[in-house]
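Remarks on the structure that follows.
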Amino acid sequence: MAAIVFTLLVAVFALPDLLFGLDQRSPFAQLVPFRPWILIGVAGLLVLLLVVMVFERRVLPFVDGVVLVLLVGAAMLVPRLVADPVPAGGTSFTVLAFNTYEGRADVQQLATLIEQERPDVVALSESGVRFSDRLRPLIEPMGYHLESSTGPRSRDVGGVTTAVSDRLGDVQARIGKETSAFPYIELSGAGLGGMRVAAFHSVAPVPGSVPDWRSDLGLLRQWCAGPTPAIVAGDFNATLDHSVLRDAIAGCGDAGAQTGEGLVPTWGPTQRIRDLFGPQIDHVIASNGITAESFKVHDIAGSDHRAIITRLRVPG
């Protein structure tokens, strides 16, 4: 019995999403994104137990329990490190997603990245009219049209901005205000054909905001469970270790996981922490049938997030 209780205690910290949805509540909602590092700690505990077992065989059930937790945790992480095959045919579609950190990101560096990568759609979180007005003269000459979800009196932190390549023609933008804090932008029509592309930002699961966070992520179902092909890009403030995100995107694939880059950090309070320990909370997801070919991250000064560039293969 003691070994079972011990195993459950370890699992609560390493696998809260598999135990009654604990990861949807504080403090586990904040803890589970760091599962890779938690599992390293569990592996250290296993080594300690193995040393103790040399002298005391009665700890064997404890060892078995910890091994079980490690195997289940690894089974959830390893698939994100293995790239899926990319089907032949179709057309290439490139998406850039980036959180500008309250509009503080370096617009020149962002414009340079856009010039280099020439994405079809750019999705910018924490970017309202103020940031887009600084970016517009830099990228409109490249052939991009910008739309923001908030007005000139709103701070950048509450907005989402899209930049759409003129190659796609007269794409229509719809602002959705069902989210708790950050209106999203949904693009459709013209060169997108029957596909929808959304720039999305969820509230963070800080204590007191977890119910809003769950509600925001639930909105992803309208794109992933619907009959219309869709791509959603932005700062989801969640990783694939969160059961609420996995449930919400059923019917979609995650670009990072599809390309074997599903554990690449995209956020952290400092650059050093981000690069070493940061979770991947920025995503590009797409309906089943649309497959990611590549997933790359880029550092841009002034933001605590990395920009991600994803090339997708869209069926003809």
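The values are calculated or read from the model by the stated rules, or taken from the named source; none is laboratory data. Since we're looking at a predicted model, the values are computed, not measured. Counting neighbours? That spans all protein chains shown, and the Cβs are built from the backbone with ideal geometry, glycine included. Ligands, DNA and RNA are stripped out before the accessible areas are found, and what is left, the full protein with its side chains, is counted by its heavy atoms. Shrake-Rupley method; radii C 1.70, N 1.55, O 1.52, S 1.80 Å.
Please report the relative contact order for the range 1-149, taking Cα pairs under 8 Å with a sequence separation of at least 6, and give it as a percent rounded to a whole number.
Details: 120 pairs, mean separation 26.7, N = 149.
18 percent.
What's the extension gain from ALA83 to ILE175 if we count 0.36 nm per residue and subtract their Cα-Cα distance? Intermediate results must be reported in sequence, preceding the final value.
Working: separation 92, 0.36 × 92 = 33.12 nm, distance 3.39 nm.
Additional length available on full extension: 29.7 nm.
Using 1/(1 + (r/R0)^6) with R0 = 41 angstrom and r between the beta carbons of ALA2 and ASP247, what's the FRET efficiency to the nearest 0.05? Don't jump to the answer; show the numbers that get you there.
Numbers: r = 34 Å, r/R0 = 0.83.
Calculated value: 0.75.
Apply the membrane-span-like helix rule to the chain: whole DSSP H runs, Cα extent along the own long axis of at least 20 Å, mean Kyte-Doolittle hydropathy at least 1.0. List the helices found. Walk me through the intermediate numbers first.
On the way: long enough: 35-55 (31 Å, 2.45); 60-77 (26 Å, 2.36).
Span-like helices here: 35-55, 60-77.
Counting only protein chains, not ligands or nucleic acids, how are ILE40, ILE273 ordered by accessible area (probe 1.4 Å), most first? Write out the running numbers ahead of the final one.
Working: ILE40 100, ILE273 75 Å².
From most exposed to least exposed: ILE40, ILE273.
Once you've got the GNM for the chain with C-alpha springs shorter than 10 Å, pick whichever of ASN237, ASN288, ASN99 has the biggest mean-square fluctuation.
In this elastic network of the chain, the residue with the biggest mean-square fluctuation among ASN237, ASN288, ASN99 is ASN288.
Given a Förster radius of 51 Å and the C-beta distance between THR112 and VAL67 as r, what FRET efficiency does 1/(1 + (r/R0)^6) yield to the nearest 0.05? Before the final figure, lay out the partial values.
On the way: r = 49 Å, r/R0 = 0.95.
Computed FRET efficiency for THR112 and VAL67: 0.55.
Quickly work out the ALA225-to-ASP133 label distance, labels modelled 7 Å from Cα along the C-beta direction, and quote it in nm with one decimal.
4.1 nm
In a GNM of the chain with a 10 Å cut-off on Cα contacts, which of GLU261, GLU126, GLU115 has the highest mean-square fluctuation?
GLU115
Hey, any idea what % of the range 1-121's accessible area is carbon plus sulfur with a 1.4 Å probe?
Working: 4610 of 6400 Å².
Using a 1.4 Å probe with all protein chains present, the range 1-121 comes out at 72 percent carbon and sulfur.
Using unit Cβ charges (K, R positive; D, E negative) and no other charged atoms, how large, in debye to the nearest 20, is the dipole of the range 191-316 about its Cα centre? Please list the in-between numbers first.
Numbers: 10 positive and 12 negative charges, 51 e Å.
Its charge dipole is roughly 240 debye.
Can you work out the PRE-style zone for SER92? Point 7 Å along Cα to Cβ, and I want the residues of the range 281-307 with backbone N under 17 Å.
Inside the label zone: 291-297.
Once the dipole of the range 119-232 is set up with Lys and Arg at +1 and Asp and Glu at -1 on Cβ about the Cα centre, which of PRO207, GLY128, PRO183 lies farthest towards its positive end?
PRO207
Using Cα pairs closer than 8 Å and at least 6 residues apart in sequence, work out the relative contact order for the range 123-216, in percent.
Relative contact order, the range 123-216: 24 percent.
GNM, the chain, Cα, under 10 Å: largest mean-square fluctuation among VAL210, VAL54, VAL72?
VAL54
Calculate, for ARG153 and LEU18, the FRET efficiency according to 1/(1 + (r/R0)^6) with r their C-beta to C-beta distance and R0 45 Å; round to the nearest 0.05.
Values: r = 45 Å, r/R0 = 1.00.
Given R0 = 45 Å and the Cβ-Cβ separation, E is 0.50.
Using the heavy atoms of the protein chains alone and a 1.4 angstrom probe, what is the accessible area of the chain per residue in square angstrom? Numbers along the way, then the final one.
On the way: 13630 Å² over 316 residues.
Per-residue value: 43 Å².
Given Cα pairs under 8 Å that are at least 6 residues apart, what percent is the relative contact order of the range 192-316?
Relative CO of the range 192-316 lands at 22 percent.
Counting only protein chains, not ligands or nucleic acids, how are MET142, MET1 ordered by accessible area (probe 1.4 Å), most first?
Details: MET142 40, MET1 170 Å².
Descending accessible area places them as MET1, MET142.
Evaluate the charge dipole of the range 76-194 about its Cα centre and quote only its size in Debye, nearest 20, assuming +1 on the Cβ of each Lys and Arg and -1 on the Cβ of each Asp and Glu.
Numbers: 11 positive and 15 negative charges, 50 e Å.
That gives the range 76-194 a dipole magnitude of about 240 debye.
Distance between the C-alpha centers of the range 267-303 and the range 47-115? Whole Å please.
11 Å
Which length gain, in nm to one decimal place, applies between VAL206 and ARG272 when the Cα-Cα distance is subtracted from 0.36 nm times their residue separation? Kindly include the intermediate steps, with their values, before the conclusion.
Values: separation 66, 0.36 × 66 = 23.76 nm, distance 2.19 nm.
That works out to 21.6 nm of additional length.
What is the log10 of I(q)/I(0) for the range 1-52, computed with the Debye formula using one identical point scatterer on each Cα and no solvent, at q = 0.15, 0.18, 0.29, 0.32 Å⁻¹?
Once normalised to I(0) and log-transformed, intensities are -0.44, -0.61, -1.10, -1.18.
Could you rank HIS283, HIS298, HIS145 by how accessible they are, 1.4 Å probe, largest area first? If you can, show how the numbers build up before the last one.
Numbers: HIS283 5, HIS298 50, HIS145 95 Å².
I get HIS145, HIS298, HIS283, largest accessible area first.
With the Cα gyration tensor of the range 1-114 in hand, give its eigenvalues times 5 under a square root as the equivalent ellipsoid semi-axes, listed largest first in whole angstrom. Kindly include the intermediate steps, with their values, before the conclusion.
Working: eigenvalues 329, 71, 41 Å².
So the equivalent ellipsoid measures 41, 19, 14 Å along its semi-axes.
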